[in-house]
Amino acid sequence: MSKAVFIRNAAQLVTLKGSSDTPRVRAEMSELGMIENGSIWIEDGTIQAAGTDAKLAAKYKPRLAEAEVIDASGKLVTPGLVDPHTHLVFAGSRENEFNMRLQGATYMEIMNAGGGIHATTRATKAAAREELFHQSYQRLNQFLRHGVTTVEAKSGYGMDWETELKQLEVAKQLNERHVIDVVPTFMGAHAIPEDYKGRPDEFVKLLVEEMIPKVAELGLAEFNDVFCEKGVFTPEQSRVILEAGKRHGLIPKIHADEIEPYEGAELAAEVRAISADHLLKASEQGMKAMAEKGVVGVLLPGTAYFLMAESANGRKMIDLGVPVALSTDCNPGSSPTVSLPFIMNLGCLKMGMTPAEVITAATINAAHAINRGHEIGSLEVGKKGDVTIFNVENYMKLQYLYGVNHTDTVVKNGQVVVRGGHLVAEFSLS
């Protein structure tokens with residue numbers, strides 16, 4: 001049994017208390033549940049109390065000597081950050097495509113020429129399982145150093161059964177061996193494989209009749225995702241794929257309206273997806289439908305930034321009542337970053353969100369986007385002891401001093417795993 005952890009006297013303690021059942025919308029996204037001079041007591045991996053330092057110090061006075069005490073004076077304390085959309089498990093690198101885009105090539109032009117997703121698919125197919133695990137483990141270490149304690153991880157760099165299985169099994173192994181929680185999503189519908197070029201309906205049939213049932217039978221994923229985009233999967237094909245997943249107990253997610261308006265947001269509301277992600281070109285009608293059905297809009301400003309595209313209209317979505325979350329979209333082609341704090345900066349600078357809203361979007365709303373709102377995303381009694389301490393004295397400064405990793409300490413399941421910005425040795429892979 002691990003030692004109790006007592007985080008004391010934070011300049012600001014962001015609790016986000018009271019949103020475990022549903023994500024925050026509109027003005028609620030600015031209500032952080034702030035406690036000044038706040039403290040939190042964690043024991044047996046879960047939060048036992050959160051309140052003012054004076055109150056908790058008095059309550060636990062007889063036990064202070066047995067706890068690991070962390071002085072958070074002058075620091076900001078938040079729930080552990082949650083990244084609800086990553087392509088964590090992959091091999092290879094695509095810096096050559098970065099150079100091509102700087103010279104004018106578009107994302108779809110690169111993919112149609114055999115690059116993009118197809119390039120990573122070839123590298124991932126060729127990689128040994130041990131290599132995939134090691135590379136992904138190191139990426140998780142980097143996430144951890146940036147204050148992230150839970151990530152979603154998609155397959156989709158195989159689009160054949162053997163490679164999709166390999167990715168999902170590596171994600172499962174990472175969840176078992178790394179301190180970060182890894183939440184798996186099946187995304188066999190990431191692109192039309194080169195072998196099925198011109199025959200997309202045949203690939204849809206393979207997904208629906210063979211791959212999705214196998215994934216569900218083996219219990220390798222919780223969610224089923226599809227890239228609904230012109231030149232990839234049509235709304236009709238996407239609906240078939242998502243409904244098939246639902247029949248097998250997989251919760252629908254959707255890459256929607258990223259490059260062109262394509263009724264992806266509307267489809268997300270129709271199939272009651274837990275989230276619709278990207279949404280750069282989502283229609284107002286689609287946004288309103290998502291708001292009505294409570295579909296979380298997972299926005300990925302790092303992808304738009306890296307592709308030199310206009311970001312999604314986060315301000316409008318929030319004003320329309322869409323529960324908004326933020327994510328890195330960590331992947332080798334369109335967003336090769338693990339810095340969720342930088343994504344929060346971009347939420348303010350590129351999407352019109354406020355400093356308070358981006359904290360909500362990267363914690364409790366992100367937790368709801370992966371069906372974890374009752375476990376993580378806020379600092380409340382009974383939830384996991386996942387906490388990030390930033391070396392700034394208030395939440396506005398976290399966004400004001402942009403592009404800097406201010407993470408000082410990370411507590412995961414009640415254990416200190418990052419101290420002074422560095423991984424605690426016992427949690428790094430030898």
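The values are calculated or read from the model by the stated rules, or taken from the named source; none is laboratory data. All figures in this text were calculated on a predicted structure; none of them were measured in a lab. We place every Cβ from the backbone using ideal geometry, glycine too, and count neighbours over all the protein chains shown. Heavy atoms of the whole protein, side chains included, go into the accessibility calculation; ligands, DNA and RNA do not. Shrake-Rupley method; radii C 1.70, N 1.55, O 1.52, S 1.80 Å.
Structure notes:
- Condition broken by residue 226, with the remaining ones in (1) under 16 Å from residue 298 (Cα atoms); (2) in contact with an Asp or Glu (Cβ under 8 Å, 6 or more places away or on another chain); (3) modelled with pLDDT of 95 or more satisfied: (2)
- Residues that are in contact (Cβ under 8 Å) with a residue 60 or more places away in the chain and either closer than 16 Å to residue 149 by Cα or surrounded by 23 or more Cβ atoms within 10 Å (Cβ to Cβ) (or both), drawn from segment 310-330: 318, 322, 323, 324, 325, 327, 328, 329, 330
- Enumeration of residues in segment 373-384 that are aliphatic (A, V, I, L, M) and open to solvent by 60 Å² or more (accessible area, probe 1.4 Å): 381
- Every residue from segment 414-430 that is open to solvent by 50 Å² or more (accessible area, probe 1.4 Å) and either of a type in the set (Ser, Thr, Tyr) or at pLDDT 95 or above (or both): 415, 419, 422, 428, 430
- Among residues of segment 220-236 that are acidic (Asp, Glu), those with a beta-carbon under 6 Å from a residue that is at pLDDT below 95 at least six positions away or on a different chain give the pairs 229/259.
- Filtered residues of segment 142-170 (kept if closer than 27 Å to residue 389 by Cα and crowded, with 19+ Cβ neighbours inside 10 Å): 143, 144, 146, 147, 148, 149, 150, 151, 152, 153
- Of the candidates 220, 206, the single residue that is among the aliphatic types (A, V, I, L, M) and part of a loop (DSSP other than H, G, I, E, B) is 220.
- Candidates 410, 387, filtered to the one that is touching a helix residue (DSSP H, G or I) at 6+ places or on another chain (Cβ under 9 Å), of a type outside the set (Gly, Ala, Ser), modelled with pLDDT of 95 or more and open to solvent by less than 10 Å² (accessible area, probe 1.4 Å): 410
- Counting only helices (runs of 4 or more DSSP H) that sit completely within segment 110-181, those holding 2 or more residues that are at pLDDT below 95 and aliphatic (A, V, I, L, M) correspond to 117-126.
- When we screen 279, 267, 320, 307 for residues that are modelled with pLDDT of 95 or more and closer than 30 Å to residue 392 by Cβ, the only hit is 279.
- Qualifying residue in segment 288-306 (condition: β-branched (Val, Ile, Thr), open to solvent by less than 10 Å² (accessible area, probe 1.4 Å) and assigned to a loop (DSSP other than H, G, I, E, B)): yes
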